[in-house]
């Protein structure tokens, strides 16, 4: 019996200004695309930044990692697949695969880790917030 | 008897990511360079964003205008000359001339207009705030 | 007998990073939203940046103007209405109205003017390029 | 006998627009600050992007990693210490320590890895380019 896998796909139009003088997406913009994918995942699964904020938490990143493989050009789209990685810790972990639309090649992979801080005190939460446990229970329940 | 002219010059390194696929500075970044020049002016004349905030005002832009003449390339610097334009209204008006460092050509001119809102109420101030009148008195006093 | 009015509407999700410490969209990002609207217009009417580039022209901005009225907050969308302004000159002129989604208020208006440069020589075109005259003929023909 | 350690320090003014609605620097901007530090290192040691380009190579990132510790606020500066990490591979590896100016606390650490592609063919270079070997010989020579 395995848990459900939470995954989501989002398409991002590459802006003219996202591409650098080499006419390819500047590497730093992948971090933005990954955030776009998180927000799109959040809309699909009721876990947007503002949803979490409404539960009195902020969820800053403690780590971001990106491996770049092939470039994405202006005129293409970036297609981001994001997987929720279940963890017993009070953390939010996502894996990302970013494809370029012209030929479907894997352009980059990435991972982010976020923690929970109380919105007012900014105190790090070492125990999983109750709303997050419930959210996981609802969405990761075994079939 | 004429008032002093308040002017300031700031040099801005063009980031790789500021240039677009044509290898020239993307037009939207000039608005950022103009803000950089305002902040640099503010440091020189005691009129930074945080100084104004400390006086309980926020100063949003109500207008920005940019005329583009020649492009600036990656590897060059943008040299921004900013002039404070005195006005009897409760407004902050600046003129900008942006030069490219390679040959000194005028790359763009611009203008911004800001108004005063009270920091808490966000109410538009129709009368010049006292601290601003004092600041102008100090810096624009006739020689 | 009046010509058709070419207009287009596009919705833009406000990114977390588009908002500044006041939690409102930073003024410079409106210039990006206006470009997004031009590209969306271009997709609808066969006049994307890459279409023009394929006709051997680049179309840099020579002017941008934005009037700010009310702020747009993170969590809202920016809804941009863009109008093509017909002109006998070898110019591309657009008007913009940017609304915030929460209450439909007009957040900003803007205008951009672009010119045609030959892609290779970068020479300014004083006469309307043939492809542009045809494009206008097709889309602005009187009813 | 140990090799010289190549290190460099650069100060970066946090732009108003670099800070997000929480009034802290948005996480994606650290990737920009790290590039700023690489360029500043490059100016100090004759290894700017344009220097490498002049040797017929482009040097895209294949990995970026950032660990976030404490936030940096608008009004502070980001102070980036960058270390060149010597490697026998045809790679360029840097370590970064990013401090906030207000109290000197370590705000983030990072690492980037770049490879060499030939500027025209975009072919990956598996052997260290001669100019890079010379540059390392000059700057890393034992005392």
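Taking the Cα centre of each part, how many Å lie between the range B:95-112 and the range D:54-83?
29
Please give the helix A:130-140 orientation as an angle from the longest Cα principal axis of chain A, in degrees from 0 to 90, rounded to the nearest 10.
60
In bins 5 Å wide, starting from 0, what share of all Cα pairs of chain B does each bin hold, as a percent?
Whole-percent P(r) values from 0 Å outward: 2, 9, 18, 21, 17, 13, 10, 6, 3, 0, 0.
Once all Cα-Cα distances of the range A:1-55 are split into 10 Å bins that start at 0, what whole-number percent is in each one?
In whole percents, the pair-distance histogram is 21, 38, 27, 12, 2, 0.
Give me the Kirkwood hydrodynamic radius of the protein assembly as shown in Å, from all C-alpha pairs, to one decimal place?
25.8
Would you mind giving the mean number of other chain beta-carbons within 10 Å of the Cβ of each residue in A:23-29, as a whole number?
The mean count of partner-chain Cβ atoms within 10 Å per residue comes to 6.
When each copy gets a label point 7 Å from Cα toward the beta-carbon at residue D:51, what are the spacings between them in nm, shortest first?
Those label-point separations list as 3.8, 4.6, 4.9 nm.
So how far apart, in nm, are the two label points at residue B:140 and residue B:118 if each is 7 Å from Cα heading toward Cβ?
2.4
Rounded to whole angstrom, how close does the nearest chain C beta-carbon get to the axis mapping C onto B, and which residue is it?
Here the value is C:65, 2.
Just order C:30-38, B:117-125, D:107-115 by mean Cβ neighbour count inside 10 Å, highest at the front, would you?
Highest to lowest by the protection proxy: C:30-38, D:107-115, B:117-125.
To the nearest 10 degrees, how steep is helix C:29-45 against the longest Cα principal axis of chain C, on a 0 to 90 scale?
50
Could you give, in nm with one decimal, how far residue C:119 is from each other copy of that position, shortest first, with labels 7 Å out from Cα toward Cβ?
2.3, 5.1, 5.3
Other chains' Cβ within 10 Å of D:86-92 residues: what's the mean?
Shielding by partners across D:86-92 averages 0.
Of C:40, C:101, C:87, which has the largest mean-square fluctuation in a 10 Å C-alpha GNM of chain C?
It is C:87.
Test of understanding: extend the Cα→C-beta vector of residue D:89 to 7 Å, then name every residue of the range D:44-82 with backbone N under 17 Å from that spot.
From the range D:44-82, the list is D:59-66.
With the label 7 angstrom out along Cα to Cβ, how close does residue C:11 come to the same site in each of the other copies, in nm, nearest first?
Going from nearest to farthest copy, the values are 1.6, 4.7, 4.8 nm.
Is there a simple number for the mean count of other chain Cβ atoms within 10 Å of the Cβ of residues in C:31-38, and what is it?
Going residue by residue through C:31-38 and averaging, the value is 4.
Taking only C-alpha pairs under 8 Å that are 6+ residues apart, what is the relative contact order of the range D:7-135 in percent?
So the answer I get is 27 percent.
Values in this text are rule-based calculations from the coordinates and carry no lab data. Just so you know, these numbers come straight off a predicted model, no measurement behind them. When we count neighbours, we look across all protein chains shown, and the Cβ atoms used for this are built from the backbone with ideal geometry, even at glycine.
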